[in-house]
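Some notes on the structure that comes next.
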Amino acid sequence: MADMSNSGLPLWQRAASYAARAHRNHFRRDDRTPYVAHVMRVALTVRDLFGCEDPVALAAALLHDTIEDTTTDFDDLEREFGLEVARCVACLTKNMILREPEREEDYDERLRHGPWQARLVKLADVFDNLSDAMSERKPKRLGKNLSRCGRAIDLAKAEADRHPEVARGIARVRELMARVEAEA
């Protein structure tokens, strides 16, 4: 199911280009890996590991950090990709004007009440972040990432019966968590 725009390009392809431009000067924690690699891996995780071809989920995966980490705002995403994608990305964006404990509660609440695609993308996001933390072998980061994985699973559980891709996502994140814990 290709969601084509007037440009003739599928939604995911337009989102990939937009994300690459938005994150063009950003790098991951290692200061070597272009940040866009993360959003591309998240999208591939959604599609290939979780088996989801939903255009909104794939676009949101590619764009999930644009509001939080770039000059992009909700209106920009709505104009470029539509309200459904913009809402999904907004659910994946932390409100940085709140203190951390309040910010995390607000974030979880918005994810809980947002579209199922946002919870699926969150599972892919924590999967990728935990994979990165595994390669660094930093116990503090691993613990924090394991905790975030647990939160993402808790938020997504209610969708597992309605959306098989969410059930697969939960299973994949749990498998990775078990591997990390076994190696610790």
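General observations
- When ASP48, ASP54 are checked against the criterion of being out of contact with any helix residue (DSSP H, G or I) (no Cβ under 8 Å at 6 or more places or on another chain), of a type outside the set (A, V, I, L, M), within 24 Å of HIS163 (Cα to Cα) and at pLDDT 95 or above, a single residue qualifies: ASP48.
- Residue that is farthest from the chain's Cα centre (by Cα) [pool: residues in the range 39-89 that are farther than 18 Å from GLU159 by Cβ and of a type in the set (Gly, Ala, Ser)]: GLY82
- Residues of the range 87-136 classified as closer than 20 Å to ARG162 by Cα and either in contact with a Phe, Trp or Tyr (Cβ under 8 Å, 6 or more places away or on another chain) or among the β-branched types (Val, Ile, Thr) (or both), total: 4
- Cross-chain or 6+ apart pairs with Cβ under 6 Å, the range 79-92 first and farther than 13 Å from LEU62 by Cα, then of a type in the set (Lys, Arg) and modelled with pLDDT of 95 or more: CYS91/ARG110
- Yes/no for MET1 being over 19 Å from GLY114 (Cβ atoms) and modelled with pLDDT under 95: yes
- Filter pass, LEU9 being surrounded by 14 or more Cβ atoms within 10 Å (Cβ to Cβ) and at pLDDT 95 or above: no
- Scanning the range 60-91 for residues that are outside any helix (DSSP H, G or I), surrounded by 16 or more Cβ atoms within 10 Å (Cβ to Cβ) and not acidic (Asp, Glu) returns HIS64, THR70, THR72, GLY82.
- The lone criterion from (1) surrounded by fewer than 21 Cβ atoms within 10 Å (Cβ to Cβ); (2) in contact (Cβ under 8 Å) with a residue 40 or more places away in the chain; (3) in a loop (DSSP other than H, G, I, E, B) left unmet by CYS52 is number (1).
- Of all residues in the range 132-167 being of a type outside the set (Val, Ile, Thr) and under 14 Å from VAL46 (Cβ atoms), the one that is surrounded by the most Cβ atoms within 10 Å (Cβ to Cβ): ALA152
The values are calculated or read from the model by the stated rules, or taken from the named source; none is laboratory data. Note that this is a predicted model, so its numbers are computed, not measured. Note that each Cβ is placed from the backbone with ideal geometry, even for glycine, and that neighbours are counted across all protein chains shown.
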